[in-house]
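The values are calculated or read from the model by the stated rules, or taken from the named source; none is laboratory data. None of the values given here were measured: they were computed from a predicted structure. All Cβ positions, glycine included, derive from the backbone under ideal geometry; neighbour counts span all protein chains shown.
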Amino acid sequence: MTAGAGSEVPAVTDTSGDRCGWTAAVLDRCAALAAAGLWRHPRVFEASGPRGLLMDPDLPSQAGEARSVVAFASNDYLGLGSHPTVVRAASDALSRYGAGAGASRLVTGSRQVHRDLENALADWKGTERAVVFPTGFAANVGAIATFADAGTLVCSDELNHASIVDGARLARAEVAVYRHGDPEHLEAILKGSSGPTMVISDLVFSRDGDIAPIEAIGALCRRHGSLVLLDEAHAVLTADPMPALEGVEVLRVGTLSKTLGSMGGFVAGPSAFIELIENRARPYIFSTALPPASAAAALAALGLLRSAEGHTLLDRLAGHVERVASGHATPIVPVLLGSEQRALNASAALLDEGIWVPAIRPPTVPEGTSRLRITLSAAHTDDDVGRLVSALGRLDLGA
């Protein structure tokens, strides 16, 4: 059964040896995904930066013919993942510390580079302390579960990242989902609560590249004494939200894998809050620490970001965004197409022109809202962006 992207799901043949029925059930689930146009697999992309070789998805081994493409899919917004200074910092740390941290931070996992990175992150975010996690997903899950205990009401935007959704599910708190970017709905929920409340939102939403109504959220949380957890993972071009949150207790969550081009996540906030996370967050306590090489890479990238070169990269990224979607405020530019097949067809048409923009389909987005999700980087050249704009203009985006 062909799935629209070149991969084929094996049919159920003889499952007589499957005593518990699991093989048949799994194959049926795979076939159902394929029939719905939702089957997918990772592609091999040999690259450092946005230009590289993409293996032909029709080859089961993904090891045959490859095509040269420019990718508009990475979250490495400033191209720092392949910056020579960042690569050299990671290489030096790899030689000094080895490939891994050895254990969790509370066992043997901390190295001086972890502390140096946390101090730099706290300074960047204007907070007393920061704590680093192996991934941004783990940072959200750990922070939410630490504070959202029994008796707490968690208010979560309906389009928050999956890590926030899962963190809220794992917490012992009551969870109320408010309509996307709707302060009035949030206020109605907060008014109905008599206990402690926690409001969680992405700052920039990863599906549409839109920005949360921070002014309104700040006003509501001051009025109701709510703790705010703000996920700033995609907020590379967004203004500092803290003036709008003055007088509110805030936890600032971020990743090291997007703006900083490395790997990992962090939570920044008041010292007591961070210390509680270090003592209660299960992904921190029970996961091997971030590899020192990744920490060193992020630390070097943060230094670049806060330098004159970083400001130049930010300006360059903003210019690319303006060319592709004038007036858009973030480097995430969605092209809504509706059906899964239309999104797959549009992605394939761009790929024929050497431009890779993956189709984003359920469950990443709701049914009927499949799309192209263009992400721009300062590592793209002016010619790359020009090719993208021209190719988009040739797409049939009609209903």
**Request:** Mind telling me which of the residues Gly102, Gly151 ends up being at positive phi, surrounded by fewer than 18 Cβ atoms within 10 Å (Cβ to Cβ) and touching a helix residue (DSSP H, G or I) at 6+ places or on another chain (Cβ under 8 Å)?
**Result:** Gly102
**Prompt:** So which residues in the range 350-399 are out of contact with any strand residue (DSSP E or B) (no Cβ under 8 Å at 6 or more places or on another chain), at pLDDT 95 or above and either assigned to a helix (DSSP H, G or I) or closer than 19 Å to Gly209 by Cβ (or both)?
**Reply:** Ser377, Ala378, Ala379, Asp382, Asp383, Val385, Gly386, Val389, Ser390
**Message:** Go through the range 154-172 and report how many residues are under 19 Å from the mean Cα position of the chain (by Cα) and either in a strand (DSSP E or B) or not small (Gly, Ala, Ser) (or both).
**Reply:** 10
**Item:** Thr108 being in the same structural domain as Asn279 (by TED's automatic domain parsing), over 21 Å from the mean Cα position of the chain (by Cα) and not hydrophobic (A, V, I, L, M, F, W, C)
**Value:** yes
**Request:** With the checklist (1) surrounded by 18 or more Cβ atoms within 10 Å (Cβ to Cβ); (2) out of contact with any helix residue (DSSP H, G or I) (no Cβ under 8 Å at 6 or more places or on another chain) in hand, flag the one item Val132 doesn't pass.
**Result:** (2)
**Message:** From the list Gly254, Gly269, exactly one residue is within 30 Å of Gly102 (Cβ to Cβ) and under 15 Å from the mean Cα position of the chain (by Cα). Which is it?
**Reply:** Gly254
**Message:** Within the range 19-39, take every residue that is modelled with pLDDT under 85 and aliphatic (A, V, I, L, M) and give me the one that is farthest from Pro358 (Cα to Cα).
**Reply:** Ala36
**Prompt:** Got a number for residues in the range 154-183 being surrounded by 17 or more Cβ atoms within 10 Å (Cβ to Cβ), more than 14 Å from Ala212 (Cα to Cα) and out of contact with any strand residue (DSSP E or B) (no Cβ under 6 Å at 6 or more places or on another chain)?
**Reply:** 4
**Asked** So Thr288 clears everything in (1) modelled with pLDDT of 95 or more; (2) more than 19 Å from the chain's Cα centre (by Cα); (3) outside the structural domain of Gly126 (by TED's automatic domain parsing) except one condition, right? Which one?
**Response** (3)
